[in-house]
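The values are calculated or read from the model by the stated rules, or taken from the named source; none is laboratory data. All values derive from a computational prediction rather than experimental measurement. Here Cβ is always computed from backbone atoms with ideal geometry, including for glycine, and neighbour counts include all displayed protein chains. Quick note on the areas: whole protein, heavy atoms, side chains included, nothing else; ligands and nucleic acids left out. Shrake-Rupley method; radii C 1.70, N 1.55, O 1.52, S 1.80 Å.
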Amino acid sequence: LLTFVRHIIVTSNITFMQTLSQTLSSFSEYVENQTFDHTPKELYEPIRYILSLGGKRIRPLLVLLSYQLFEDEIENAFPTAFAVEVFHNFTLMHDDIMDAAPLRRGKPTVHTKYNVNTGILSGDAMLILAYDYLVSGSGDAKTVTKLIKVFNKVAKEVCEGQQFDINFEKDNQVTIPAYLEMIRLKTAVLLAAALAMGAIQANADEKDIENLYDFGINIGLSFQIQDDILDTFGDAATFGKKVGGDIIQNKKTYLYLKSLQDLDKKDATLLFDFYNKDFKDEEEKIVAVKNLFDKANIKQKATQLQEAYYQTAMQHLAAVSASDDRKKNLTAIVNELMSRSV
Ligand code: IPE
Ligand code: IPE
Ligand code: MG
Ligand code: MG
Ligand code: MG
(Lines give C-alpha, C1' and ligand atoms only; values in the text may rest on other atoms or scores of the structure.)
(Ligands and ions follow the chains in the order given, each with its own letter.)
Protein backbone atom coordinates (compact mmCIF):
# COMPACT_ATOMS: atom_id res chain seq x y z
CA LEU A 1 0.00 0.00 0.00
CA LEU A 2 2.67 2.48 0.99
CA THR A 3 4.76 1.87 -2.14
CA PHE A 4 1.63 2.34 -4.20
CA VAL A 5 0.79 5.63 -2.54
CA ARG A 6 4.38 6.87 -2.47
CA HIS A 7 4.41 6.36 -6.22
CA ILE A 8 1.31 8.50 -6.59
CA ILE A 9 2.80 11.22 -4.45
CA VAL A 10 6.10 11.21 -6.32
CA THR A 11 4.48 11.18 -9.75
CA SER A 12 2.11 14.06 -9.13
CA ASN A 13 2.69 17.71 -8.40
CA ILE A 14 -0.54 18.26 -6.60
CA THR A 15 -0.27 20.03 -3.28
CA PHE A 16 -3.47 18.33 -2.09
CA MET A 17 -1.53 15.05 -2.29
CA GLN A 18 0.09 15.86 1.02
CA THR A 19 -3.33 15.39 2.53
CA LEU A 20 -3.59 12.05 0.77
CA SER A 21 -0.36 10.89 2.34
CA GLN A 22 -1.51 12.09 5.75
CA THR A 23 -4.85 10.37 5.27
CA LEU A 24 -3.06 7.21 4.42
CA SER A 25 -0.58 7.14 7.20
CA SER A 26 -3.28 7.84 9.76
CA PHE A 27 -5.55 5.16 8.28
CA SER A 28 -2.65 2.67 8.23
CA GLU A 29 -2.04 3.45 11.88
CA TYR A 30 -5.73 2.81 12.60
CA VAL A 31 -5.51 -0.54 10.80
CA GLU A 32 -2.41 -1.56 12.73
CA ASN A 33 -4.26 -0.90 15.98
CA GLN A 34 -6.97 -3.43 15.08
CA THR A 35 -5.11 -6.45 16.41
CA PHE A 36 -7.83 -9.13 16.67
CA ASP A 37 -5.94 -10.51 19.60
CA HIS A 38 -8.60 -12.95 20.79
CA THR A 39 -8.95 -16.66 21.46
CA PRO A 40 -9.06 -19.23 20.02
CA LYS A 41 -5.96 -18.22 18.16
CA GLU A 42 -6.72 -20.74 15.39
CA LEU A 43 -9.69 -18.54 14.46
CA TYR A 44 -8.09 -15.09 14.75
CA GLU A 45 -4.52 -15.67 13.59
CA PRO A 46 -5.50 -16.29 9.94
CA ILE A 47 -7.44 -13.00 10.06
CA ARG A 48 -4.34 -11.18 11.25
CA TYR A 49 -2.34 -13.05 8.61
CA ILE A 50 -4.42 -12.06 5.60
CA LEU A 51 -4.76 -8.45 6.79
CA SER A 52 -1.03 -8.24 7.43
CA LEU A 53 -0.40 -9.04 3.77
CA GLY A 54 -1.85 -5.61 3.03
CA GLY A 55 -2.83 -5.46 -0.59
CA LYS A 56 -3.59 -2.20 -2.35
CA ARG A 57 -6.39 -1.26 0.07
CA ILE A 58 -8.16 0.43 -2.77
CA ARG A 59 -11.66 -0.03 -1.34
CA PRO A 60 -11.07 1.71 2.01
CA LEU A 61 -9.30 4.47 0.11
CA LEU A 62 -12.38 4.89 -2.03
CA VAL A 63 -14.52 5.23 1.12
CA LEU A 64 -12.18 7.85 2.58
CA LEU A 65 -11.64 9.84 -0.61
CA SER A 66 -15.33 9.85 -1.38
CA TYR A 67 -16.03 11.13 2.15
CA GLN A 68 -13.30 13.73 1.61
CA LEU A 69 -15.14 15.15 -1.40
CA PHE A 70 -17.64 16.60 1.06
CA GLU A 71 -16.13 16.53 4.57
CA ASP A 72 -12.71 17.01 6.14
CA GLU A 73 -12.85 14.96 9.34
CA ILE A 74 -11.60 11.84 7.63
CA GLU A 75 -11.14 9.83 10.86
CA ASN A 76 -14.92 9.65 11.16
CA ALA A 77 -14.93 7.31 8.19
CA PHE A 78 -12.11 4.99 9.32
CA PRO A 79 -14.40 2.29 10.80
CA THR A 80 -16.56 2.29 7.66
CA ALA A 81 -13.49 2.11 5.44
CA PHE A 82 -12.06 -0.71 7.53
CA ALA A 83 -15.37 -2.60 7.52
CA VAL A 84 -15.27 -2.59 3.73
CA GLU A 85 -11.65 -3.81 3.68
CA VAL A 86 -12.36 -6.58 6.20
CA PHE A 87 -15.32 -7.68 4.08
CA HIS A 88 -13.13 -7.65 0.95
CA ASN A 89 -10.51 -9.81 2.69
CA PHE A 90 -13.23 -12.21 3.81
CA THR A 91 -14.33 -12.61 0.18
CA LEU A 92 -10.71 -13.25 -0.83
CA MET A 93 -10.30 -15.96 1.82
CA HIS A 94 -13.33 -17.83 0.50
CA ASP A 95 -12.58 -17.00 -3.14
CA ASP A 96 -9.17 -18.65 -2.84
CA ILE A 97 -10.79 -21.85 -1.60
CA MET A 98 -13.30 -21.75 -4.47
CA ASP A 99 -10.60 -21.01 -7.06
CA ALA A 100 -8.10 -23.51 -5.57
CA ALA A 101 -5.58 -20.66 -5.50
CA PRO A 102 -2.15 -21.31 -3.94
CA LEU A 103 -0.95 -17.69 -3.69
CA ARG A 104 -2.36 -14.39 -2.46
CA ARG A 105 -0.33 -11.17 -2.24
CA GLY A 106 2.82 -13.19 -2.84
CA LYS A 107 2.19 -15.50 0.14
CA PRO A 108 0.42 -18.85 0.65
CA THR A 109 -3.38 -18.54 0.74
CA VAL A 110 -5.05 -19.14 4.11
CA HIS A 111 -6.43 -22.58 3.18
CA THR A 112 -2.98 -23.74 2.00
CA LYS A 113 -1.08 -22.31 4.97
CA TYR A 114 -3.63 -23.58 7.49
CA ASN A 115 -6.48 -25.69 6.06
CA VAL A 116 -9.84 -25.36 4.31
CA ASN A 117 -11.91 -25.38 7.50
CA THR A 118 -9.83 -22.53 8.86
CA GLY A 119 -10.41 -20.56 5.65
CA ILE A 120 -14.15 -21.07 5.94
CA LEU A 121 -14.52 -20.22 9.63
CA SER A 122 -12.03 -17.34 9.86
CA GLY A 123 -13.73 -15.94 6.77
CA ASP A 124 -17.14 -16.21 8.46
CA ALA A 125 -15.78 -14.38 11.51
CA MET A 126 -14.44 -11.61 9.27
CA LEU A 127 -17.85 -11.03 7.77
CA ILE A 128 -19.28 -10.53 11.27
CA LEU A 129 -16.36 -8.31 12.25
CA ALA A 130 -17.10 -6.10 9.27
CA TYR A 131 -20.62 -5.53 10.67
CA ASP A 132 -19.14 -4.77 14.10
CA TYR A 133 -17.12 -1.91 12.64
CA LEU A 134 -20.12 -0.56 10.76
CA VAL A 135 -22.48 -0.74 13.71
CA SER A 136 -20.21 0.61 16.41
CA GLY A 137 -18.02 3.00 14.48
CA SER A 138 -19.94 4.70 11.73
CA GLY A 139 -21.95 7.38 13.48
CA ASP A 140 -25.60 7.96 14.41
CA ALA A 141 -28.31 5.32 14.08
CA LYS A 142 -29.76 6.86 10.92
CA THR A 143 -26.42 6.84 9.12
CA VAL A 144 -25.62 3.31 10.27
CA THR A 145 -29.00 2.08 9.01
CA LYS A 146 -28.35 3.61 5.60
CA LEU A 147 -24.84 2.14 5.45
CA ILE A 148 -25.99 -1.33 6.44
CA LYS A 149 -28.69 -1.24 3.78
CA VAL A 150 -26.12 -0.54 1.07
CA PHE A 151 -23.72 -3.06 2.60
CA ASN A 152 -26.31 -5.87 2.75
CA LYS A 153 -27.24 -5.32 -0.87
CA VAL A 154 -23.64 -5.42 -2.03
CA ALA A 155 -22.76 -8.44 0.11
CA LYS A 156 -25.57 -10.45 -1.49
CA GLU A 157 -24.59 -9.29 -4.95
CA VAL A 158 -20.97 -10.39 -4.43
CA CYS A 159 -22.26 -13.87 -3.52
CA GLU A 160 -24.39 -13.87 -6.66
CA GLY A 161 -21.42 -12.85 -8.80
CA GLN A 162 -19.21 -15.49 -7.21
CA GLN A 163 -21.82 -18.19 -7.89
CA PHE A 164 -22.14 -17.09 -11.55
CA ASP A 165 -18.35 -17.18 -11.83
CA ILE A 166 -18.30 -20.79 -10.60
CA ASN A 167 -21.32 -21.80 -12.74
CA PHE A 168 -19.62 -20.37 -15.82
CA GLU A 169 -16.58 -22.65 -15.42
CA LYS A 170 -18.76 -25.51 -16.66
CA ASP A 171 -21.08 -23.55 -18.94
CA ASN A 172 -20.34 -23.26 -22.67
CA GLN A 173 -23.18 -20.85 -23.43
CA VAL A 174 -21.67 -17.91 -21.54
CA THR A 175 -21.96 -14.66 -23.50
CA ILE A 176 -19.89 -11.50 -23.17
CA PRO A 177 -22.86 -9.60 -21.66
CA ALA A 178 -23.30 -12.42 -19.12
CA TYR A 179 -19.60 -12.20 -18.25
CA LEU A 180 -19.91 -8.43 -17.79
CA GLU A 181 -22.90 -8.87 -15.51
CA MET A 182 -20.98 -11.50 -13.52
CA ILE A 183 -17.99 -9.16 -12.94
CA ARG A 184 -20.35 -6.27 -12.13
CA LEU A 185 -21.69 -8.43 -9.31
CA LYS A 186 -18.54 -10.08 -8.01
CA THR A 187 -16.29 -7.01 -8.17
CA ALA A 188 -17.73 -3.70 -9.38
CA VAL A 189 -20.54 -3.32 -6.85
CA LEU A 190 -18.11 -3.37 -3.91
CA LEU A 191 -16.01 -0.54 -5.34
CA ALA A 192 -19.23 1.32 -6.10
CA ALA A 193 -20.59 0.70 -2.59
CA ALA A 194 -17.32 1.87 -1.04
CA LEU A 195 -17.70 5.20 -2.83
CA ALA A 196 -21.41 5.43 -2.02
CA MET A 197 -20.80 4.65 1.65
CA GLY A 198 -18.17 7.39 1.99
CA ALA A 199 -20.61 9.86 0.45
CA ILE A 200 -23.53 8.64 2.60
CA GLN A 201 -21.50 9.12 5.74
CA ALA A 202 -20.63 12.63 4.60
CA ASN A 203 -24.35 13.33 4.12
CA ALA A 204 -23.96 13.98 0.40
CA ASP A 205 -26.88 14.61 -1.97
CA GLU A 206 -28.71 11.66 -3.50
CA LYS A 207 -27.57 12.66 -6.99
CA ASP A 208 -23.90 12.77 -5.96
CA ILE A 209 -24.17 9.39 -4.25
CA GLU A 210 -25.63 7.99 -7.44
CA ASN A 211 -22.89 9.42 -9.65
CA LEU A 212 -20.20 8.14 -7.31
CA TYR A 213 -21.83 4.71 -7.36
CA ASP A 214 -21.85 4.69 -11.18
CA PHE A 215 -18.26 5.93 -11.20
CA GLY A 216 -17.43 2.92 -9.02
CA ILE A 217 -19.30 0.43 -11.20
CA ASN A 218 -17.35 1.51 -14.27
CA ILE A 219 -14.03 1.62 -12.41
CA GLY A 220 -14.88 -1.82 -11.05
CA LEU A 221 -15.61 -3.31 -14.47
CA SER A 222 -12.38 -1.81 -15.76
CA PHE A 223 -10.55 -3.12 -12.69
CA GLN A 224 -11.80 -6.71 -13.08
CA ILE A 225 -11.05 -6.81 -16.82
CA GLN A 226 -7.54 -5.69 -15.94
CA ASP A 227 -7.37 -8.34 -13.21
CA ASP A 228 -8.25 -10.93 -15.85
CA ILE A 229 -5.55 -9.56 -18.20
CA LEU A 230 -2.96 -9.68 -15.41
CA ASP A 231 -3.99 -13.19 -14.43
CA THR A 232 -2.79 -14.37 -17.84
CA PHE A 233 -0.24 -11.77 -18.92
CA GLY A 234 1.07 -10.51 -15.55
CA ASP A 235 4.63 -10.89 -14.33
CA ALA A 236 4.85 -13.89 -11.99
CA ALA A 237 7.63 -12.17 -10.04
CA THR A 238 5.42 -9.26 -8.97
CA PHE A 239 1.78 -10.27 -9.53
CA GLY A 240 1.39 -12.01 -6.16
CA LYS A 241 -1.10 -14.59 -7.47
CA LYS A 242 -0.52 -17.64 -9.64
CA VAL A 243 -0.23 -16.44 -13.25
CA GLY A 244 -2.45 -18.62 -15.41
CA GLY A 245 -4.78 -19.50 -12.55
CA ASP A 246 -7.88 -18.47 -14.53
CA ILE A 247 -6.81 -20.68 -17.46
CA ILE A 248 -6.35 -23.69 -15.20
CA GLN A 249 -9.80 -23.09 -13.66
CA ASN A 250 -11.45 -22.64 -17.10
CA LYS A 251 -12.67 -19.16 -16.14
CA LYS A 252 -14.91 -17.69 -18.83
CA THR A 253 -13.21 -14.32 -18.94
CA TYR A 254 -13.46 -11.71 -21.69
CA LEU A 255 -10.05 -12.99 -22.86
CA TYR A 256 -11.52 -16.45 -23.46
CA LEU A 257 -14.95 -15.44 -24.78
CA LYS A 258 -13.70 -12.82 -27.22
CA SER A 259 -10.87 -15.09 -28.46
CA LEU A 260 -13.39 -17.83 -29.09
CA GLN A 261 -15.38 -15.38 -31.21
CA ASP A 262 -12.44 -13.94 -33.13
CA LEU A 263 -10.23 -16.97 -33.83
CA ASP A 264 -10.70 -19.02 -37.00
CA LYS A 265 -12.64 -22.25 -36.70
CA LYS A 266 -9.60 -24.48 -36.19
CA ASP A 267 -8.03 -22.38 -33.41
CA ALA A 268 -11.40 -21.71 -31.78
CA THR A 269 -11.97 -25.47 -31.55
CA LEU A 270 -8.52 -25.93 -30.03
CA LEU A 271 -9.25 -23.26 -27.42
CA PHE A 272 -12.67 -24.76 -26.69
CA ASP A 273 -11.09 -28.18 -26.16
CA PHE A 274 -8.51 -26.84 -23.74
CA TYR A 275 -11.39 -25.59 -21.55
CA ASN A 276 -13.45 -28.75 -21.87
CA LYS A 277 -11.04 -31.66 -21.65
CA ASP A 278 -8.84 -32.68 -18.76
CA PHE A 279 -5.20 -31.69 -19.14
CA LYS A 280 -2.63 -33.24 -16.87
CA ASP A 281 0.13 -30.75 -17.54
CA GLU A 282 -1.16 -27.41 -16.26
CA GLU A 283 1.85 -25.40 -17.41
CA GLU A 284 1.55 -26.82 -20.91
CA LYS A 285 -2.11 -25.80 -21.00
CA ILE A 286 -1.29 -22.26 -19.87
CA VAL A 287 1.34 -21.84 -22.62
CA ALA A 288 -0.94 -23.23 -25.34
CA VAL A 289 -3.97 -21.12 -24.34
CA LYS A 290 -1.79 -18.02 -24.05
CA ASN A 291 -0.59 -18.63 -27.62
CA LEU A 292 -4.16 -18.79 -28.84
CA PHE A 293 -5.00 -15.60 -26.92
CA ASP A 294 -2.03 -13.93 -28.63
CA LYS A 295 -3.24 -15.11 -32.02
CA ALA A 296 -6.53 -13.35 -31.29
CA ASN A 297 -4.61 -10.22 -30.24
CA ILE A 298 -6.63 -10.41 -27.06
CA LYS A 299 -4.48 -8.40 -24.70
CA GLN A 300 -4.95 -5.31 -26.86
CA LYS A 301 -8.70 -5.89 -27.25
CA ALA A 302 -9.23 -6.43 -23.53
CA THR A 303 -7.16 -3.34 -22.72
CA GLN A 304 -9.38 -1.30 -25.05
CA LEU A 305 -12.49 -2.48 -23.22
CA GLN A 306 -10.84 -1.72 -19.89
CA GLU A 307 -10.10 1.82 -21.06
CA ALA A 308 -13.60 2.37 -22.38
CA TYR A 309 -15.05 1.67 -18.92
CA TYR A 310 -12.47 3.98 -17.39
CA GLN A 311 -13.60 6.81 -19.69
CA THR A 312 -17.25 6.28 -18.76
CA ALA A 313 -16.26 6.23 -15.10
CA MET A 314 -14.57 9.61 -15.36
CA GLN A 315 -17.73 11.14 -16.85
CA HIS A 316 -19.64 10.10 -13.74
CA LEU A 317 -16.97 11.56 -11.47
CA ALA A 318 -17.09 14.80 -13.45
CA ALA A 319 -20.82 15.03 -12.71
CA VAL A 320 -20.30 14.95 -8.93
CA SER A 321 -20.83 18.37 -7.38
CA ALA A 322 -17.50 18.77 -5.60
CA SER A 323 -14.62 21.00 -6.68
CA ASP A 324 -11.91 19.66 -9.02
CA ASP A 325 -9.47 20.24 -6.22
CA ARG A 326 -11.39 17.92 -3.92
CA LYS A 327 -11.53 15.32 -6.69
CA LYS A 328 -7.77 15.26 -7.29
CA ASN A 329 -6.98 12.51 -4.78
CA LEU A 330 -9.63 10.24 -6.21
CA THR A 331 -8.50 10.91 -9.77
CA ALA A 332 -4.87 10.25 -8.86
CA ILE A 333 -5.62 6.95 -7.16
CA VAL A 334 -7.81 5.74 -9.98
CA ASN A 335 -5.25 6.73 -12.64
CA GLU A 336 -2.61 4.83 -10.74
CA LEU A 337 -4.88 1.82 -10.56
CA MET A 338 -5.25 1.74 -14.35
CA SER A 339 -1.56 1.03 -14.81
CA ARG A 340 -1.21 -1.39 -11.92
CA SER A 341 0.82 -4.60 -12.17
CA VAL A 342 -0.48 -6.26 -8.97
C1 IPE B 1 -8.66 -8.80 -5.79
O2 IPE B 1 -8.80 -7.48 -5.40
C3 IPE B 1 -10.01 -9.36 -6.12
C4 IPE B 1 -10.60 -8.73 -7.30
C5 IPE B 1 -11.76 -8.17 -7.25
C6 IPE B 1 -9.91 -8.76 -8.56
P7 IPE B 1 -7.56 -6.51 -5.26
O8 IPE B 1 -6.74 -6.54 -6.52
O9 IPE B 1 -8.05 -5.19 -4.81
O10 IPE B 1 -6.72 -7.22 -4.12
P11 IPE B 1 -5.78 -6.59 -2.99
O12 IPE B 1 -6.67 -6.29 -1.83
O13 IPE B 1 -5.09 -5.37 -3.54
O14 IPE B 1 -4.80 -7.68 -2.66
C1 IPE C 1 -12.69 -12.35 -7.10
O2 IPE C 1 -12.41 -12.43 -8.46
C3 IPE C 1 -13.80 -11.47 -6.74
C4 IPE C 1 -14.07 -11.63 -5.29
C5 IPE C 1 -13.20 -12.01 -4.41
C6 IPE C 1 -15.40 -11.34 -4.81
P7 IPE C 1 -11.08 -13.24 -8.79
O8 IPE C 1 -11.20 -14.66 -8.41
O9 IPE C 1 -10.67 -12.91 -10.19
O10 IPE C 1 -10.04 -12.54 -7.80
P11 IPE C 1 -8.52 -12.96 -7.62
O12 IPE C 1 -7.91 -12.93 -9.00
O13 IPE C 1 -8.51 -14.32 -7.02
O14 IPE C 1 -7.95 -11.91 -6.72
MG1 MG D 1 -12.76 -16.06 -8.15
MG1 MG E 1 -9.75 -15.89 -7.37
MG1 MG F 1 -8.60 -12.72 -10.83
Checklist outcome for this item: Exception for Asp281 within (1) touching a residue at least 60 places away in the same chain (Cβ under 8 Å); (2) more than 20 Å from Tyr213 (Cβ to Cβ); (3) open to solvent by 60 Å² or more (accessible area, probe 1.4 Å) falls at (1)
Next on the checklist: Of the conditions (1) among the β-branched types (Val, Ile, Thr); (2) closer than 30 Å to Glu206 by Cβ; (3) over 22 Å from the mean Cα position of the chain (by Cα), Val287 satisfies every one except a single condition; which number is it?
Outcome noted: (2)
Next on the checklist: For a quick check of your reading: which helices (runs of 4 or more DSSP H) sit entirely within segment 227-296 and have at least 2 residues that are more than 23 Å from Gln163 (Cβ to Cβ)?
Outcome noted: 236-239, 254-262, 265-274, 282-295
Next on the checklist: All but one of (1) crowded, with 18+ Cβ neighbours inside 10 Å; (2) of a type in the set (Ser, Thr, Tyr); (3) away from ligand 4 (no atom under 16 Å from the Cβ) hold for Thr312; state the number of the condition that does not hold.
Outcome noted: (1)
Checklist entry - Which is basic (Lys, Arg), at pLDDT 95 or above, open to solvent by less than 20 Å² (accessible area, probe 1.4 Å) and away from ligand 1 (no atom under 11 Å from the Cβ), of Lys207, Lys252? => result Lys252
Checklist outcome for this item: Exactly one of Phe279, Phe274, Phe293 is away from ligand 4 (no atom under 16 Å from the Cβ) and modelled with pLDDT under 95, and that residue is Phe279
Checklist outcome for this item: Checked segment 52-77 for anything in contact with a helix residue (DSSP H, G or I) (Cβ under 6 Å, 6 or more places away or on another chain), surrounded by fewer than 24 Cβ atoms within 10 Å (Cβ to Cβ) and hydrophobic (A, V, I, L, M, F, W, C); matches are Leu69, Ile74
Checklist entry - Inside segment 162-208, can you point out the residues that are small (Gly, Ala, Ser) and part of a helix (DSSP H, G or I)? => result Ala178, Ala188, Ala192, Ala193, Ala194, Ala196, Gly198, Ala199
Checklist outcome for this item: Among (1) under 22 Å from the mean Cα position of the chain (by Cα); (2) at pLDDT below 95; (3) not basic (Lys, Arg), Ser138 falls short only on (1)
Checklist entry - Would you pick out the residues in segment 175-191 that are over 15 Å from the mean Cα position of the chain (by Cα) and surrounded by 19 or more Cβ atoms within 10 Å (Cβ to Cβ)? => result Tyr179
Next on the checklist: Any residue at all in segment 90-97 that's within 16 Å of ligand 5 (Cβ to nearest atom), assigned to a loop (DSSP other than H, G, I, E, B), more than 24 Å from Gly198 (Cβ to Cβ) and touching a residue at least 24 places away in the same chain (Cβ under 8 Å)?
Outcome noted: no
Checklist outcome for this item: All-but-one check, Gly234 against (1) within 16 Å of ligand 5 (Cβ to nearest atom); (2) within 30 Å of Ala322 (Cα to Cα), failing number (2)
Checklist entry - When you look at Leu271, is it away from ligand 1 (no atom under 16 Å from the Cβ), under 30 Å from Thr143 (Cα atoms) and open to solvent by less than 10 Å² (accessible area, probe 1.4 Å), yes or no? => result no
Next on the checklist: Of the residues Ile217, Ile229, only one is more than 15 Å from ligand 5 (Cβ to nearest atom), of a type in the set (A, V, I, L, M) and surrounded by 18 or more Cβ atoms within 10 Å (Cβ to Cβ); which?
Outcome noted: Ile217
Checklist outcome for this item: Restricted to segment 76-106 and to residues being closer than 15 Å to Ile200 by Cα and over 16 Å from the mean Cα position of the chain (by Cα), the residue nearest to ligand 2 (Cβ to nearest atom) is Thr80
